[in-house]
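Read the structure below first, then the notes.
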Amino acid sequence: MPAPTMQAIVAPAPGGPETLELREVPRPTPGPGEVLIRVAAAGVNPVDAKTRGGAGATGFLGGSPTPEDGAGAFPWIPGWDVAGTVAEAGYGVARFAPGDRVFGTIGFPRAAGAYAEYAVAHVSQLSRSPRSLSDEETAALPLGGLTAWQALVDAGGLETNQRVVITAASGGVGHLAVQIAADLGAHVIAVGSTANLGYLRGLGAHEVIDRTTTDYAQAIEPVDLVLDGIGGAERTRAFSVVRPGGAVLTLPSASAGDPPPRDDVRGPRVFIAPDGLELQLLTGSVERGALRPTVAEVLPLADAARAHELIEGGAVRGKLVLRVGD
């Protein structure tokens, strides 16, 4: 009897979006503590495109922490964000059963294969999907939501009534961070483009600053935290507006590890870890009406290359999602 197969997007080797191909590949099998997910939708994140190009998480795909070994993990099925239904439960799994709707960021930063009809995940990395969200909306939540939560809360220690600046506030992480920070009782200052100012107010930002006309560092009083979604020179600007004892949380990996330019401001590195329990917290916020991901566009799985072109072009409000299931 032939082994079961599935449709998946494959990057044969590091390269541009045009290298992505729809192929027939072997279907994975869940091991102990794992479930097989019939994927309904897969979230598209900047790290997907960076890794496809040979940067991002390339060095971790095969389980090695060294970038020199990462290219050996190609061909690679991209993606880490999934929403779908449990198709099969592995040995020892009691938390989920076939038919349960689940979602999560799976396997990150190692290869996880979310751009496919089926994917395998350990139950510790999954949560039940919010009942109030479609599969496409749910797939837009995990990596961005976990990044925002782990940056603001775990690394930044954000507290009620603290002042926080969020740059790139309408992006995949930023738009969720605005809502999470506001729900936690912080005073949120969102920085975005002219076209997105009304959108950011609608997400719960208390102040909005037009980055095309105003240098936010010259326009605000000192704050407790800055969530820097841009990096580079923007990281230095962020440190200039933080009070002593505060923190700058830089998301782009290229600059997040640079030494802080001030000794009295923390600059912890943020590296997202899959966490089913934190996803449950985010699910609770969704069900209370305090958090909702914005889906910029839903594309079919076969159009993964187009999704990567869009995300590399920037200016995406919210998240891009690939529809996988029927």
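Since every read-out is calculated from the coordinates, none of them should be taken as a lab result. Small disclaimer: the values here were computed from a predicted structure and weren't measured. FYI the Cβ positions are ideal-geometry reconstructions off the backbone, even for glycines, and counts take in every protein chain you see.
Checking every one of the chymotrypsin sites (Phe, Trp or Tyr not before Pro) in segment 64-158 against DSSP loop status and a limit of 13 other Cβ atoms within 10 Å picks out TYR91. Each Lys and Arg contributes +1 and each Asp and Glu -1, all at the Cβ; summed about the Cα centre of segment 1-146, the dipole is approximately 300 debye. With a Förster radius of 35 Å applied to the beta-carbon distance between GLU207 and ARG269, the computed FRET efficiency rounds to 0.80.
Divide the volume of the convex hull around the Cα atoms of the chain by the residue count and you get 131 Å³ per residue.
Taken along its principal axes, the alpha carbon cloud of segment 277-326 reaches lengths of 34, 28, 18 Å, longest axis first.
For the chain, a simple Cβ point-charge model (Lys and Arg +1, Asp and Glu -1, everything else neutral) yields a dipole of about 280 debye relative to the Cα centre.
Of the chymotrypsin sites (Phe, Trp or Tyr not before Pro) found in segment 215-279, the ones in coil according to DSSP and having at most 16 other Cβ atoms within 10 Å of their Cβ are PHE271. For segment 238-311, relative contact order (Cα pairs under 8 Å, six or more residues apart, normalised by length) works out to 21 percent. Applying both filters, DSSP loop and at most 13 other Cβ atoms within 10 Å, to the GluC sites (Glu not before Pro) of segment 120-166 gives GLU159. Note on the chain: helix-only mean residue ellipticity at 222 nm, from DSSP H runs of 4+ residues weighted -39500 (n - 2.57) and normalised by residue number, equals -6000 deg cm²/dmol. Taking max minus min of the alpha-carbon positions on each principal axis, segment 176-275 gives extents of 36, 35, 24 Å, largest first.
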